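**Q** Have a look at this one before I ask anything.
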Amino acid sequence: MNKRFTSVLALAVVLTAGAHRSEADPMTLKDACKDDFLIGAAINRTIATGAADNANRSQEQVEKDIALVKEQFNQISPENDLKWQLIQPREGADGYDFGPADAYVNFGLSNHMYIVGHTLVWHNQTPNWVFAGTNPPPEAINANAGDGLAGRPAGRGFGYGGPRASREELLQRMHDHIATVVGRYKGKVKVWDVVNEAVADNGTNILRNSLWLQIIGPDFIAKAFQYAHEADPDAILRYNDYGLEGASKRHKLITLIRSLQAQGVPVMAIGSQTHVNVSSPSFETEDQALTELATLGLPIHITELDVNGSQGGRRSTGADVANNAATTQGGLVDNANQRLANQYASLFRAFLKHRDSVKVVTLWGVNDGVSWRAGGRPLLFDANDQPKPAFDAVIKEATPQ
Ligand code: XIL
């Protein structure tokens, strides 16, 4: 190859490197988004510890997954290991299992990543002992709760139904849990999902009829934020929920946050999970959602992004863990890969338009193989960690042309 041709080729590589992925200089998500927001992924235990511990992922695959996380992302969230059930399965100061959570935090520190903590107070993945005590349970769960549980007997698969803790006991447990967990990772975990999914999906009530609400009352949210702020005054404290693309749930959330703000509760960021599908939201709907959320004057974090490409995902637009199985049934939609790419392009166009508010975008999983909605092939990388057309679509949106 003559010299002149080589330098023309080199120039061509430099000129195109900004816009395209090439063998020589592949564009990564974190480079493409670097002037806009942090870009991250939820990582599971095998990635955090580096040890394949189940049949789903071989050691070789786990190592590829880890390399991909380091290559593409500058932020991580823990998919499960900081949830109450995993980190404090038993009551008391001896009831903690810190091992996997420590591995998660160390993974972030050693790779210089922005570390999120998820989650302190939630109605799911919380062990029964937290709510247990000597007060008799009510006969039936409240009507008009908006969570599909109206009139059902307490317990029986709808959460803990036995004798309950008092308000004071539950507040004490919440305090001790938050002080211990947030305190342990003080200065390392930069953002906490303090309260997760407290807003009701349906009906007129603002708050979901959870055991937290039933036992403590509506100020369980303010208390959780207060305890977290005491434990780490520098941490960004987030309220996190799903379904905020829909106007009615979003309006409930806005009412809730405004009331917390009026009381001086230290809520510092809005987490919008953004578990969506290939048909909705449209660009206009997402744009509208972000415009309205931004009126709260807080940073917006897209906390659990994935785009369900299955038939089942079009019917069920929520992200209630209890109903997850149904959301990926029925096989993929026609032309799923292309529709996925189009939807990711549209979402990132909206995030980028709102880059003054959107500060973090986290994908809920590293690749389709480890996703909680694997059947809907909802992520940017396939189960072999190869980029899909949706990856190219995101890079294209985030890279100035
Ligand atoms: C999911 C995890 O991805 C699954 O592995 C687990 O079995 C259930 O929880 N909203 C949240 C996340 O806030 O914590 C949930 O994560 C998905 C919905």
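The values are calculated or read from the model by the stated rules, or taken from the named source; none is laboratory data. Given the structure is predicted, the values throughout are model-derived calculations rather than measurements. A quick note on method: Cβ atoms are made from the backbone with ideal geometry, for glycine too, and the neighbour counts reach across all protein chains shown. With ligands, DNA and RNA removed, areas are computed over all heavy atoms of the protein, side chains included. Shrake-Rupley method; radii C 1.70, N 1.55, O 1.52, S 1.80 Å.
**Q** Regarding segment 172-185, can at least one residue be identified that is in contact with a Gly (Cβ under 7 Å, 6 or more places away or on another chain), touching a residue at least 40 places away in the same chain (Cβ under 8 Å), within 23 Å of Y96 (Cα to Cα) and of a type in the set (D, E, K, R)?
**A** Among the residues of segment 172-185, not one is in contact with a Gly (Cβ under 7 Å, 6 or more places away or on another chain), touching a residue at least 40 places away in the same chain (Cβ under 8 Å), within 23 Å of Y96 (Cα to Cα) and of a type in the set (D, E, K, R), which makes the answer no.
**Q** Next up: Name the pairs whose Cβ atoms lie under 6 Å apart, with the first residue in segment 189-208 and farther than 11 Å from K249 by Cβ and open to solvent by 10 Å² or more (accessible area, probe 1.4 Å), the second within 13 Å of the ligand (Cβ to nearest atom) and in a loop (DSSP other than H, G, I, E, B), and 6 or more positions between them or separate chains?
**A** These pairs meet every condition: L207/A198.
**Q** So if I check each of Q311, Q288, Q263, which one is away from the ligand (no atom under 15 Å from the Cβ), of a type in the set (S, T, N, Q) and in contact with a Pro (Cβ under 9 Å, 6 or more places away or on another chain)?
**A** Q288
**Q** Among residues belonging to segment 191-207 that are under 18 Å from the mean Cα position of the chain (by Cα) and either part of a strand (DSSP E or B) or within 15 Å of I236 (Cα to Cα) (or both), point out the one that is nearest to the ligand (Cβ to nearest atom).
**A** N196
**Q** Yes or no: D356 at pLDDT 95 or above, surrounded by fewer than 18 Cβ atoms within 10 Å (Cβ to Cβ) and not aromatic (F, W, Y)?
**A** Criteria met by D356.
**Q** Give me the pairs: first residue in segment 305-328 and within 19 Å of H123 (Cβ to Cβ), second residue within 11 Å of the ligand (Cβ to nearest atom), beta-carbon distance under 6 Å, and six or more apart or on different chains, which are they?
**A** S316/T327; G318/G243; A319/Y242; A319/Q273; A319/H275; V321/N124
**Q** I'm checking my understanding of the structure. Among residues of segment 48-88 that are of a type in the set (D, E), under 21 Å from the mean Cα position of the chain (by Cα) and assigned to a helix (DSSP H, G or I), which one is surrounded by the fewest Cβ atoms within 10 Å (Cβ to Cβ)? Quick ask: steps written out before the conclusion?
**A** Filtering segment 48-88 for residues of a type in the set (D, E) gives 53, 60, 63, 65, 71, 79, 81.
So of that shortlist, the ones also under 21 Å from the mean Cα position of the chain (by Cα) come out as 65, 71, 79, 81.
If we keep only those that are assigned to a helix (DSSP H, G or I) as well, we get 65, 71.
Details: D65: 26, E71: 12.
Here the residue is E71.
**Q** Which residue pairs have Cβ atoms under 8 Å apart, sit 6 or more places apart or on different chains, and have a first residue in segment 354-374 that is without any contact (Cβ under 8 Å) to a residue 24 or more places away in the chain and over 13 Å from L29 (Cβ atoms) and a second that is within 13 Å of the ligand (Cβ to nearest atom) and part of a loop (DSSP other than H, G, I, E, B)?
**A** D368/P378; D368/L379
**Q** For segment 28-51, name all the residues that are out of contact with any strand residue (DSSP E or B) (no Cβ under 6 Å at 6 or more places or on another chain) and within 16 Å of the ligand (Cβ to nearest atom). Outline the logic, then answer.
**A** Within segment 28-51, the subset out of contact with any strand residue (DSSP E or B) (no Cβ under 6 Å at 6 or more places or on another chain) is 28, 31-32, 34-36, 44-51.
Within segment 28-51, N44, R45, T46, I47, A48, T49 meet the criteria.
**Q** Go through segment 218-260 and count every residue that is touching a residue at least 24 places away in the same chain (Cβ under 8 Å), out of contact with any strand residue (DSSP E or B) (no Cβ under 7 Å at 6 or more places or on another chain) and either within 16 Å of the ligand (Cβ to nearest atom) or outside any helix (DSSP H, G or I) (or both).
**A** 4
**Q** Could you please find all residues in segment 362-394 being within 15 Å of the ligand (Cβ to nearest atom) and not in a loop (DSSP other than H, G, I, E, B)?
**A** Scanning segment 362-394 gives T362, L363, A374, G375, G376.
**Q** Would you confirm whether or not segment 104-115 contains a residue that is outside any loop (DSSP other than H, G, I, E, B), open to solvent by 20 Å² or more (accessible area, probe 1.4 Å), touching a residue at least 40 places away in the same chain (Cβ under 8 Å) and not polar (S, T, N, Q)?
**A** Yes, segment 104-115 has at least one match.
**Q** Quickly run through segment 322-342 and pick out the residues that are open to solvent by less than 60 Å² (accessible area, probe 1.4 Å) and either assigned to a helix (DSSP H, G or I) or within 16 Å of the ligand (Cβ to nearest atom) (or both).
**A** Scanning segment 322-342 gives N324, A326, T327, T328, A336, L340, A341.
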